[in-house]
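The values are calculated or read from the model by the stated rules, or taken from the named source; none is laboratory data. Everything numeric here is computed off the predicted structure, so don't read it as measured data. Virtual Cβ from ideal backbone geometry, glycine too; neighbours counted across all protein chains shown. Just so you know, the surface numbers come from the protein's heavy atoms only, side chains and all, with ligands and any DNA or RNA stripped out. Shrake-Rupley method; radii C 1.70, N 1.55, O 1.52, S 1.80 Å.
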Amino acid sequence: CGGGRTATTGLLGTAGGPRVVKVLKPQTTTPRACTVTATTHPAPASADLHPLLADRRSPRAFDATATIGADQVDLLLDAARWAPSAANTQPWRFLAGRRGDRAFDALLAALNPANQEWARDAAALVLVAAETVDAEGAPRRWAVYDAGQAAAHLTAQASALGLSVRQM
């Protein structure tokens with residue numbers, strides 16, 4: 001994203017386990033199988049921390065057979081839309097792609113090769129961009145923070161739906 005925008009990428013998928021996933025070694029296209037076990041660890045924080053937050057994880061392996069529906073992606077983006085922002089500017093923009101579509105392929109190609117190895121199995125990829133200048137060119141000093149709030153809302157909604165998110 002150019003022209004006064006910054007961006008981060010997040011992943012959506014299911015991370016329950018154990019299961020067998022395809023992992024590609026660097027500089028080869030030969031898949032090897034490995035077992036990935038996802039466990040729930042109690043948060044070291046206060047016992048009063050909500051389980052939605054305490055149980056959240058950022059996995060680096062996703063179930064390559066899991067899918068996410070367009071309605072779920074829309075719900076996640078709607079949750080992000082309800083995030084607070086400075087002067088209600090809502091300076092965030094999203095590009096979401098589900099595995100198998102052109103947006104997903106483009107987002108995957110933009111990732112570092114090491115991240116591509118495991119991101120390819122995510123059910124969806126989401127780019128979060130922040131408009132750091134307004135239409136007149138004036139800086140939006142809080143835009144990146146506001147976009148982070150939107151990403152956090154999306155992450156919390158994903159957790160509520162039983163989905164895992166890994167932000168990069």
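For the stretch 43-168, just say rounded, prolate or oblate: build the C-alpha gyration tensor, square-root its eigenvalues into a ≥ b ≥ c, call rounded for a/c under 1.5, and beyond that prolate if a/b exceeds b/c, oblate if not. Mind showing how you got there, number by number?
Details: a/c = 1.83, a/b = 1.17, b/c = 1.57.
Verdict is oblate for the stretch 43-168.
Given points 7 Å out from each Cα along the Cα-Cβ axis, report the Val133 to Ser46 separation in nanometres with one decimal.
With each label point 7 Å from Cα toward Cβ, the separation is 4.3 nm.
Evaluate the distance, in nm, between pseudo-label points positioned 7 Å from the Cα of Trp82 and of Ala106 along their respective Cα→Cβ axes.
Label-label distance for Trp82 and Ala106, simple model: 2.9 nm.
Can you give me the accessible area per residue for the stretch 59-100, using a 1.4 Å probe, in Å²? Walk me through the numbers on the way to the answer.
Working: 2370 Å² over 42 residues.
About 56 Å² of surface per residue is accessible.
Hey, any idea what % of the stretch 66-107's accessible area is carbon plus sulfur with a 1.4 Å probe?
Details: 1280 of 2430 Å².
Ligands and nucleic acids excluded, carbon and sulfur reach 53 percent.
In debye, nearest 20, what is the charge dipole magnitude of the stretch 41-125 about its Cα centre with +1 on Lys and Arg Cβ and -1 on Asp and Glu Cβ, if you could check? Walk me through the numbers before you get to the answer.
On the way: 9 positive and 10 negative charges, 44 e Å.
It comes to approximately 220 debye.
If a/c stays under 1.5 just call it rounded; otherwise compare a/b with b/c (prolate if a/b is bigger, oblate if not). Do that for the stretch 91-138, with a ≥ b ≥ c from the square roots of the Cα gyration tensor eigenvalues. Let's see the in-between values first.
Working: a/c = 3.42, a/b = 2.28, b/c = 1.50.
Note, shape of the stretch 91-138 comes out prolate.
Placing +1 at every Lys and Arg Cβ and -1 at every Asp and Glu Cβ, with all other atoms neutral, what dipole size does the stretch 77-148 have around its Cα centre, in debye to the nearest 20? Could you put the intermediate results ahead of the total?
Values: 8 positive and 9 negative charges, 16 e Å.
That gives the stretch 77-148 a dipole magnitude of about 80 debye.
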